[in-house]
Every structure is written in structure tokens, then in C-alpha cells.
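Colleague: Below you'll find the structure I mean.
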Amino acid sequence: MAENLALGVSTEDARQVLVNAGVEDALARQEIAAAQAHPYVAGARRIGRRYEWLEALADLYAELHRQSGEVRLEKRRDLSPEEFFSRYYFGHRPVVLQGHMEDWPAMRRWSLSDFSERFGDVEVEIMSGRNTNPDHASQPDKHRQVVSLREYVRRVEAAGETNDFYMVPRNENWKRDGLARLREDIRAPAGIIDPELRPDMTTLLLGPPGTVTPLHHDNMNVLLAQVMGRKHVRLVPSFQRHLVYPRHGTFSEVDAALPDPARFPLYGEATVLEAVVEPGEMLFLPVGWWHWVRALDVSASVTFHHFQLPGGNTHLRTPQ
Ligand SMILES: O=C(O)CCC(=O)C(=O)O
């Protein structure tokens, strides 16, 4: 009750909840009055009001965003680095970039059989057994498994559509010496990504159709380059955090594939941007924006985090 009063729930609503739970009316009134008079609850209410002001500003920002008509995920061909940074990176807006991967040898070479033939003996780490644990995304240590790339490719080919295993966004495989020649097949988009491209500056994601990365946000800007297959994405603005029911810090309680309005009514007010990212396209994910990603085909993506800016990437400070 103290938490709800601190968040501004009215006396009448609080009384109704207690009465519905079987508390006698006079006792409910007495308890609420006592709680409201307590200095700890009064202090919490003052903090609650500060929080309401921040939410009101975030809602205002979302409303202006909506009125500007920019509630779709734009696809832009041959965007200049200047416009990318001024309109999207610093404007804190997502975008799908087209025309920046035509010089990538990966676009012509990569296939499951190419991975097996050229790099089959290299050991890679994957996340496995995900279907048995709904919290797999926030509990990666329970699912790590090391297999040869040949074995992984065999599993991808045999499985068809599944979310049970995936070479997920946070993996260190790209740093392995055995994959050095695979890294040579990608290019840093000129003027956008730092051309040094050290092994720790990119990540390779590889998996079957049906892999799902649940709704979450990253603490930095990310550019996801789609090489093989398509990915269906849904994005919610960073400034609508109060509508997505966060848990474990960066994940959301909401299943963005099929949101449950009874459990998560506020999610219905969120602005959801949606697109299918095709091979040869790059998705810019602004820092803090919530995203859900589902592979529609066998998929290989590369992510970049080192933007060509004097100060490097901009990070979201996470409260402890
Ligand atoms: O492609 C995916 O499965 C998820 C990518 C992603 O969410 C990320 O890199 O943060």
C-alpha cells in the first residue's frame, strides 16, 4: 500500500482495493490515513511526484514525436554519414540503411555450406536448451555450449524453425583466430563505423529461422548489418520505458510477439515501430530503444558498436 500511495494512487482507489480483498471498510480507511500520515510514506510520495514529472516529460516527448508523423521505421538508401549522424544518431531515431553493404564479400560468399567448408573445425560458443527456460535471455550462463562450427551448421540445417539454440548477440566468437578470414568478408560503412574494425569491434550472430531475441534495450548505439536471411523487428522508443514493464534492468516482461493487454495494459499505449530487415540492409538501434527481433530465415548478422565519432559511442548510465 505504501508503494501505491507513493505512486499517487488515490485514497478512494486504495480503499476499494483493500475492501475488495476483504478488509472491513472502517479499518481500511484507518490504515490508509495512518499510512498517509507516516513520514516515510510522505517522503516516498515526494519522490513519486518527481518520477511523475519525468514520466510526464517523456510522454510529452512521445506526443511531439507522434505529431511529427515519424512513427514508422524509415528505410533510407545511400544516406550520407552527415545525415545519418545529424538526423538519426544524434536525433535518437532508428533507421534502416540501404546500399552500404554492396562491397561486402560476405554478401556473395556467406552460406551455411561456406561456413562449414572454410571454418568447420573452429570451435564456437552458442546458447542451447533455450526452449526449456523462459528466462534464458537473462540467464546466459545456464545455456553456454561450445561446438565446432561444422556441428553448429549441421544443427541449424537439421532443426528447421526453432528458438532452442542461437549464436546470440553477446558472444566472443568473432575474436577467435580461426575466424580471422571470415572477418575479412565484412566492411565498415564509410564515415559511419570506425574503419579499424578490430575483432572486438563487431559481433557475429548466426542461427536458424525462429530465433527470438526478446524485448530489451542496449546501453549503447548498435548498427546491425543483415547478411543472410530476414529479421522481423519491433522497436519501442527509449522514452517509453514506463510503458514496457522492465525487469532485470534491460529486459521487458512483455512478449512483443503477442502482448497480453490484460497483464500489460500500458504497453497498448507504446509506439511500436516495425519492419522486416532484408539481406543487405542495416538497422540502426539507438541507445536505450527497446527492440524485439525474430529471424524469419536462416540468418547471419554482424553488429557494430564503434561509430566514427571523436567521443565514441554514447552510453546509457544504468542506475544501480
Ligand atoms: O538479431 C538479434 O537476434 C538481436 C540483436 C540485438 O538485439 C542486439 O544486438 O542488441
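The values are calculated or read from the model by the stated rules, or taken from the named source; none is laboratory data. This one's a predicted model, so the numbers in the text were calculated from it and none came from an experiment. Don't worry about glycine lacking a Cβ; one is built from the backbone with ideal geometry, like all the others, and counts go over all protein chains shown.
Colleague: Quick test of your reading of the structure: residue 215 fulfils all but one of (1) in contact (Cβ under 8 Å) with a residue 40 or more places away in the chain; (2) more than 11 Å from the ligand (Cβ to nearest atom). Name the failing condition by number.
Modeller: Only one criterion is unmet by residue 215, namely (2).
Colleague: Could you tell me whether any residue of segment 236-257 is outside any helix (DSSP H, G or I), surrounded by fewer than 18 Cβ atoms within 10 Å (Cβ to Cβ) and touching a Pro at 6+ places or on another chain (Cβ under 7 Å)?
Modeller: no
Colleague: Sticking with this one: Looking for something under 30 Å from residue 76 (Cα atoms), of a type outside the set (Phe, Trp, Tyr) and in the same structural domain as residue 190 (by TED's automatic domain parsing) - is there at least one such residue anywhere in segment 139-157?
Modeller: No, the conditions are met nowhere in segment 139-157.
Colleague: Let me ask another. For residues in segment 206-222 being in a strand (DSSP E or B) and under 14 Å from the mean Cα position of the chain (by Cα), which is nearest to residue 306 (Cα to Cα)?
Modeller: In this case the residue turns out to be 222.
Colleague: Given the structure, is residue 285 assigned by TED's automatic domain parsing to the domain that holds residue 227, surrounded by 18 or more Cβ atoms within 10 Å (Cβ to Cβ) and either in contact with a Gly (Cβ under 7 Å, 6 or more places away or on another chain) or on the phi < 0 side of the Ramachandran plot (or both)?
Modeller: Considered against the rule, which asks whether it is assigned by TED's automatic domain parsing to the domain that holds residue 227, surrounded by 18 or more Cβ atoms within 10 Å (Cβ to Cβ) and either in contact with a Gly (Cβ under 7 Å, 6 or more places away or on another chain) or on the phi < 0 side of the Ramachandran plot (or both), residue 285 comes out as yes.
For (1) touching a residue at least 24 places away in the same chain (Cβ under 8 Å); (2) among the β-branched types (Val, Ile, Thr); (3) away from the ligand (no atom under 15 Å from the Cβ), each residue gets a yes or a no:
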site: 205; (1), (2), (3): yes, no, no
site: 220; (1), (2), (3): yes, no, no
site: 225; (1), (2), (3): yes, no, no
site: 228; (1), (2), (3): yes, no, no
site: 231; (1), (2), (3): yes, no, no
site: 237; (1), (2), (3): yes, no, yes
site: 252; (1), (2), (3): yes, no, no
site: 256; (1), (2), (3): yes, no, no
site: 261; (1), (2), (3): no, no, yes
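Colleague: With respect to the numbered conditions (1) more than 28 Å from residue 286 (Cα to Cα); (2) away from the ligand (no atom under 15 Å from the Cβ); (3) not polar (S, T, N, Q), which one is the sole condition not fulfilled by residue 182?
Modeller: Condition (1) is where residue 182 drops out.
Colleague: Condition test on residue 266, is it more than 11 Å from the ligand (Cβ to nearest atom), modelled with pLDDT of 95 or more and either part of a loop (DSSP other than H, G, I, E, B) or not assigned by TED's automatic domain parsing to the domain that holds residue 228 (or both)?
Modeller: Judged against the criteria, residue 266 is not a match.
Colleague: Still on this structure, I have one more. Taking the residues in segment 18-35 that are surrounded by 14 or more Cβ atoms within 10 Å (Cβ to Cβ) and out of contact with any Lys or Arg (no Cβ under 8 Å at 6 or more places or on another chain) as candidates, determine which candidate is farthest from residue 242 (Cα to Cα). Talk me through it step by step, then tell me what you get.
Modeller: Initial filter on segment 18-35 (surrounded by 14 or more Cβ atoms within 10 Å (Cβ to Cβ)): 18-19, 23, 28-29, 31-32, 35.
Going one step further and asking which of them are out of contact with any Lys or Arg (no Cβ under 8 Å at 6 or more places or on another chain), we end up with 18-19, 23, 31, 35.
Details: 18: 25, 19: 28, 23: 31, 31: 29, 35: 26 Å.
Restricting to residues being surrounded by 14 or more Cβ atoms within 10 Å (Cβ to Cβ) and out of contact with any Lys or Arg (no Cβ under 8 Å at 6 or more places or on another chain), the top hit is 23.
Colleague: To continue, here is another question. Give the residues of segment 269-296 that are small (Gly, Ala, Ser) and more than 14 Å from the ligand (Cβ to nearest atom), sorted by residue number.
Modeller: Passing the criteria: 270, 280.
Colleague: Under 9 Å between Cβ atoms, at least 6 apart or on separate chains: pull out the pairs that start in segment 159-178 with a residue that is hydroxyl-bearing (Ser, Thr, Tyr) and end on any residue that is more than 14 Å from the ligand (Cβ to nearest atom) and assigned to a loop (DSSP other than H, G, I, E, B).
Modeller: 166/128
Colleague: Next up: Could you tell me which numbered condition residue 51 fails, if it satisfies all but one of (1) part of a helix (DSSP H, G or I); (2) modelled with pLDDT under 95; (3) exposed (fewer than 13 other Cβ atoms within 10 Å of the Cβ)?
Modeller: (3)
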